[in-house]
Structure formats: structure tokens, C-alpha cells
Amino acid sequence: MAGKPLHIGVLALQGAFREHRQRLESLGALVREVRLPADLVGLDGLVLPGGESTTMARLLTEYALWQPIRKFHAGGGAVWGTCAGAILLAREVRGAPPQFGGQQASLGLLDAAVQRNAFGRQINSFAATLPVSGLEEPFPAVFIRAPAFSDVGSQATVLATWEGQAVMLRQDAVLATAFHPELSPDARIHALFLMKVAETKTEMT
Amino acid sequence: MSEPTAQTPQPQQTYLNFGFAEMFKGGVIMDVVTADQARIAEAAGATAVMALERVPADIRVDGGVARMSDPKMIKEIIAAVTIPVMAKVRIGHIVEAQILQALGVDFIDESEVLTPADEQFHILKSEFKVPFVCGAKNLGEALRRVGEGASMIRTKGEAGTGNVVEAVRHARTVLGEIRTIQARPAEELMTVARDLQAPYELVRYVHQHGKLPVVNFAAGGVATPADAALMMVLGLDGVFVGSGIFKSDNPERRAQAIVKAVTHFQNPEVLAEVSEDLGAPMTGINIDDLIPAERLASRGW
């Protein structure tokens with residue numbers, strides 16, 4: 001990328017954070033793993049990776065990261081969630097563990113509900129050639145116990161759907177994908193996110 | 001429920017299963033024997049639970065033949081939590097694996113902790129849609145399992161002892177052998193493959209990438225947060241905890257502490273904090289006291 005490198009954080013509590021890190025670095029970003037609130041300082045963008053959303057939610061509480069991430073977003077930081085990370089972004093989480101009364105905390109940065117495991121268990125996981133608005137060629141998307149978005153509010157835009165379910169959303173500086181672009185050999189969605197981060201950064205300065 | 005487009009071809013399934021295994025990285029997979037324990041594990045931040053009838057420590061005490069769990073118990077556990085549910089089959093027991101796949105289990109562990117059903121052959125895991133994890137003591141064994149279709153490798157350790165020494169030995173062995181291969185010139189790799197008794201293509205992968213083609217977890221004897229962090233420091237991707245949690249004084253606190261230790265394995269201050277006041281760990285067994293027949297890690301080849 002031209003100009004000053006962007007500083008991107010990848011939430012590294014658990015999950016596929018290394019894949020995101022490698023992909024972002026290959027595109028010229030400076031990447032830092034985020035495990036504690038202090039790790040957010042100075043970042044331009046933040047990626048919430050796939051993994052287990054219940055595990056990540058528990059550790060976000062344990063290390064008091066919820067508010068700092070909301071503040072980071074309110075201060076103009078771009079945020080992108082993939083799969084479990086997208087669940088953490090939604091305004092409402094459906095299909096949360098029965099033992100938690102079906103409730104699961106989330107950041108509420110995305111004007112949509114999210115249904116966990118919307119496509120089934122692991123034997124129902126699949127790969128699909130997914131048309132994405134803004135990309136000329138379809139994207140090779142990997143869906144693993146993937147969620148899907150519903151009740152998408154007026155503030156969010158649906159960028160991709162699969163079998164009638166919304167699987168990719170954008171809302172200002174927030175991006176959410178139900179699938180795993182970090183597992184595809186295709187870097188276009190990471191590049192898209194970095195462009196968004198750069199735009200947001202320019203607006204702020 | 002939606003189905004993949006047309007028939008899912010085998011290579012794509014492998015890819016999906018490898019990708020799924022990646023999602024467990026930096027996480028803790030906990031053995032549970034009841035739905036209640038599964039709920040405790042999920043609430044503590046486990047990335048998956050392993051449903052089994054008896055934890056390894058009890059299998060040791062009880063003796064007899066250890067088999068796949070009752071499907072009823074597995075179904076109860078699947079209904080109790082939303083995280084992935086794994087379950088164990090005996091080495092080589094193709095039918096137990098078919099049953100677990102039919103139940104909708106998310107991952108199958110072809111495990112030496114159960115009594116082996118076949119003394120010569122492991123399951124051809126690439127024939128299944130559901131992913132498999134297998135134990136390995138060294139690189140050759142790990143690559144043979146990947147060659148058969150395993151999506152995840154774990155150390156064997158010495159399950160049910162609360163003694164991490166064997167898991168450390170297996171981790172050091174596999175990672176050391178990977179480094180050795182990396183240092184070899186490409187023309188020596190066929191001979192390396194012959195010596196390791198491992199598929200040549202996978203040896204080439206290790207040479208090129210300096211790692212296994214699948215995620216590599218620690219298992220067997222992890223009893224404390226420090227044990228879990230040690231396995232991460234050695235370079236493994238995550239941790240299985242068996243008897244270590246529900247055989248300790250305070251399973252809830254210990255489970256939470258081990259989850260945090262795996263996330264913050266590079267941060268001794270956090271480790272000190274989470275290790276404090278957990279109550280007594282599982283008692284543990286000195287591995288030198290085990291007669292050879294009681295050693296689980298020597299099962300499988």
C-alpha cells in the first residue's frame with residue numbers, strides 16, 4: 001500500500017487470529033495482537049477473528065475489553081468481524097447457549113441480529129462461490145458452522161447473501177462477514193477492509 | 001437447513017475440516033461426562049467439549065474395556081451447549097465413528113485412551129465427512145494420521161495422570177523433528193520420508209512450511225494453568241484438558257484459569273494471577289510407577 005502503513009489490531013483471545021495477521025501483513029499493514037485494553041492504543045483498525053464466540057465473549061468480559069472496543073469504534077476506528085467476530089458485533093445474538101438463557105453479550109456496533117450456527121453443525125459446513133457487492137468476481141467463501149444476519153436495520157447494508165440469508169454486511173466503518181476470508185487464498189476482502197480503514201483515517205485527520 | 005451446492009467433493013471437505021480445526025487455536029477443549037459438566041465447561045470458556053463416559057483417570061481406576069460413549073449421553077451434551085461437541089472412538093473402530101457421525105458430533109477423537117479395537121490399522125478418516133483428531137508421539141506418527149485424513153493432531157501425553165511430562169516429550173519430539181526436516185536439503189526428503197514412515201508429500205509440506213499441515217494441540221496430563229501455558233510456550237496451538245478439571249477441588253475456577261492461561265501464555269503476570277488459590281489440583285500419578293500395560297500413550301503407531 002502507498003503512504004504510511006496502517007496499524008491494524010487483531011483480537012487474539014482465541015481462534016484464527018494468525019491467519020488474519022499474515023494476510024494483513026502481506027498487504028502491507030502493521031499488525032498487533034490485541035489481548036488487553038492497552039493493546040488498542042494507536043490502532044487504525046481492528047479485526048475480530050473467527051473462533052468460538054462464547055469463549056471470546058467470556059474473555060472480553062474477563063479482561064474488560066467491551067467498553068474499550070466500543071470506544072475505539074466511537075473514536076473512528078474501523079472494525080471487521082468474521083464468523084464468531086461478526087457475532088460479537090451484532091446488536092442481538094440468537095441461538096446463544098440455553099444455559100445463559102439464550103443471552104449472549106455483544107458489542108452492538110452492527111444494526112442487525114445474528115443467528116448462530118444458521119447453517120447447521122460442522123457436517124453442514126460448506127464452501128461457496130459468493131457474489132459480493134463491490135467485487136467484480138465472486139469470492140470463494142468458506143462457511144464453517146457459520147452464522148447469518150437477520151432483521152438488518154436501515155443503517156446497515158447487505159453486501160452478500162447465500163440462500164436467502166444475509167452473510168456480509170457493512171455499516172460505516174464496520175464490516176461483518178459470516179464466512180472466513182482469512183481461510184481463502186483470495187485477499188480481496190482484506191484489501192477492501194484496509195481501504196475502509198484508510199478512508200476512515202483520512203476523514204479523522 | 002441448507003446443503004452445500006451439489007455433492008461436496010472430498011478435497012473441499014478436507015479444506016473445511018482443516019479450517020474448522022484452525023478455529024480452536026488458542027483454546028481449551030475439555031473432557032466432560034455429563035451435560036452439567038458440559039455447561040460448566042462452556043461457561044468457563046471452553047472452545048469445545050469432549051463427551052465421554054469416564055475421564056481417563058477413572059478409566060485407569062476402573063480398568064476393563066473403554067469404549068465409545070452412550071449416544072444418549074452424547075445427545076444430551078449436544079443439546080446442552082452451543083460450542084462444538086467432540087467424542088472418542090477406539091483406534092480402528094470404523095463403526096463407532098459412523099455412529100458418532102450419524103449423531104452429528106462435530107469432531108471425532110480416534111483415541112488411545114479407549115481400548116484399541118484394531119492393533120494394526122487406524123480408521124481411514126478421509127472417508128468421513130466429520131473431522132478427526134488423532135494422537136501422536138512423534139512426527140512420523142502425526143504425518144501418518146494426517147495422511148489417513150486427520151484434521152488435527154494432539155500429543156498423546158499420559159492421560160489421566162495429571163503429569164505433563166509425556167505431553168512435553170511428545171511436543172518436543174514433533175517440533176524438534178520438524179526443525180530437523182527444515183534443515184535438510186530437498187533431495188534428502190524421500191529418505192527422510194522412508195525413515196519416518198510418513199507420506200512423502202507431507203514431508204515436503206513440513207520442509208516448506210516448518211509446521212504440520214494441521215493444527216497441533218497438547219493433550220494428556222495437563223493439570224494446572226501453568227501446564228497449559230507451558231504447552232503453548234513450547235509452540236502448540238491449543239490444549240485438551242481431561243481429568244485435570246473435574247478431578248480437581250474447584251473445577252469451575254480451574255477451568256476458567258486454564259482458559260485464561262492459554263490466551264495469556266506469554267504474560268507471566270496474568271499467569272500468576274490466574275494460578276492463585278485454585279484449590280487442590282488432581283492428585284496425579286508418577287508415570288514411573290505405571291506398569292507398561294497401564295501406559296496409554298504406547299497405544300497406536
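Step by step: first the residues of the stretch B:44-67, then only those that are assigned to a loop (DSSP other than H, G, I, E, B) and surrounded by fewer than 23 Cβ atoms within 10 Å (Cβ to Cβ), then the one that is farthest from the other protein chains (Cβ to nearest Cβ). Which residue is that? Only one residue tops the list, namely B:63. Regarding the stretch A:27-35, can at least one residue be identified that is out of contact with any strand residue (DSSP E or B) (no Cβ under 7 Å at 6 or more places or on another chain), open to solvent by 10 Å² or more (accessible area, probe 1.4 Å), of a type in the set (Asp, Glu) and within 11 Å of another protein chain (Cβ to nearest Cβ)? Checking the stretch A:27-35: not a single residue is out of contact with any strand residue (DSSP E or B) (no Cβ under 7 Å at 6 or more places or on another chain), open to solvent by 10 Å² or more (accessible area, probe 1.4 Å), of a type in the set (Asp, Glu) and within 11 Å of another protein chain (Cβ to nearest Cβ). Of all the criteria given as (1) closer than 30 Å to residue B:147 by Cα; (2) free of Cβ contacts under 8 Å to residues at least 24 places away in the same chain, the one not satisfied by residue B:272 is (1). Whenever a residue of the stretch A:53-70 is within 9 Å of chain B (Cβ to nearest Cβ), its partners that are buried (at least 22 other Cβ atoms within 10 Å of the Cβ) and of a type in the set (Asp, Glu), lying with C-beta atoms within less than 7 angstrom and at least six residues away or across chains, give the pairs A:54/B:42. In the stretch B:181-229, the residue that is farthest from residue B:156 (Cα to Cα) out of those that are without any contact (Cβ under 8 Å) to a residue 24 or more places away in the chain and among the basic types (Lys, Arg) is B:184. Here is the figure for the stretch A:99-116: residues that are within 7 Å of chain B (Cβ to nearest Cβ) and at pLDDT below 95 total 1. Being closer than 25 Å to residue A:144 by Cα, open to solvent by less than 10 Å² (accessible area, probe 1.4 Å), within 14 Å of chain A (Cβ to nearest Cβ) and polar (S, T, N, Q) is the requirement here; does residue B:151 meet it? In short, yes.
Is it the case that residue B:212 is touching a Ser or Thr at 6+ places or on another chain (Cβ under 8 Å) and outside any helix (DSSP H, G or I)? Criteria not met by residue B:212.
When B:97, B:41 are screened for being buried (at least 24 other Cβ atoms within 10 Å of the Cβ), within 14 Å of another protein chain (Cβ to nearest Cβ) and farther than 19 Å from residue B:20 by Cα, only B:41 passes. Need at least 1 residues that are in contact with a Pro (Cβ under 6 Å, 6 or more places away or on another chain) and more than 24 Å from residue B:281 (Cβ to Cβ) per element, so show me which strands (runs of 3 or more DSSP E) inside the stretch B:97-192 make the cut, counting only ones lying wholly within it. Those strands (runs of 3 or more DSSP E) span B:107-111. Residues in the stretch B:217-245 that are surrounded by 24 or more Cβ atoms within 10 Å (Cβ to Cβ) and among the polar types (S, T, N, Q): B:243 alone. Can you name the residue in the stretch B:250-290 that is within 14 Å of chain A (Cβ to nearest Cβ) and in a loop (DSSP other than H, G, I, E, B) and is also farthest from the chain's Cα centre (by Cα) among such residues? Filtering first and then ranking leaves B:267.
Could you tell me which residue of the stretch A:117-148 is most open to solvent (accessible area, probe 1.4 Å), considering only residues that are touching a residue at least 60 places away in the same chain (Cβ under 8 Å), out of contact with any Lys or Arg (no Cβ under 7 Å at 6 or more places or on another chain) and more than 8 Å from chain B (Cβ to nearest Cβ)? Among them, the one singled out is A:118. Considering only the stretch B:223-234, I want to know if a residue exists there that is more than 30 Å from residue B:247 (Cβ to Cβ) and either out of contact with any Cys (no Cβ under 6 Å at 6 or more places or on another chain) or not in a loop (DSSP other than H, G, I, E, B) (or both). For the stretch B:223-234, residues more than 30 Å from residue B:247 (Cβ to Cβ) and either out of contact with any Cys (no Cβ under 6 Å at 6 or more places or on another chain) or not in a loop (DSSP other than H, G, I, E, B) (or both): absent. Taken residue by residue, the stretch B:9-31 has at least one member that is more than 13 Å from chain A (Cβ to nearest Cβ) and within 20 Å of the chain's Cα centre (by Cα).
The test for being in contact with a helix residue (DSSP H, G or I) (Cβ under 8 Å, 6 or more places away or on another chain), within 14 Å of chain B (Cβ to nearest Cβ), closer than 21 Å to residue B:267 by Cα and small (Gly, Ala, Ser) holds for residue A:15. Could you check the stretch B:154-180 and list, in sequence order, the residues that are β-branched (Val, Ile, Thr) and either buried (at least 22 other Cβ atoms within 10 Å of the Cβ) or under 30 Å from residue B:61 (Cβ atoms) (or both)? Those that are β-branched (Val, Ile, Thr) and either buried (at least 22 other Cβ atoms within 10 Å of the Cβ) or under 30 Å from residue B:61 (Cβ atoms) (or both): B:155, B:161, B:164, B:165, B:168, B:173, B:174. Taking the criterion of being open to solvent by 50 Å² or more (accessible area, probe 1.4 Å), within 17 Å of the chain's Cα centre (by Cα) and at positive phi, no residue of the stretch A:66-116 qualifies.
Within the stretch A:170-205, the set of residues being open to solvent by less than 10 Å² (accessible area, probe 1.4 Å), under 13 Å from the mean Cα position of the chain (by Cα) and without any contact (Cβ under 8 Å) to a residue 60 or more places away in the chain comprises A:189 only.
The values are calculated or read from the model by the stated rules, or taken from the named source; none is laboratory data. This structure is a prediction, so every number in the text was calculated from the model and none was measured. Counting neighbours? That spans all protein chains shown, and the Cβs are built from the backbone with ideal geometry, glycine included. Side chains included, ligands, DNA and RNA excluded: accessible areas come from the protein's heavy atoms. Shrake-Rupley method; radii C 1.70, N 1.55, O 1.52, S 1.80 Å.
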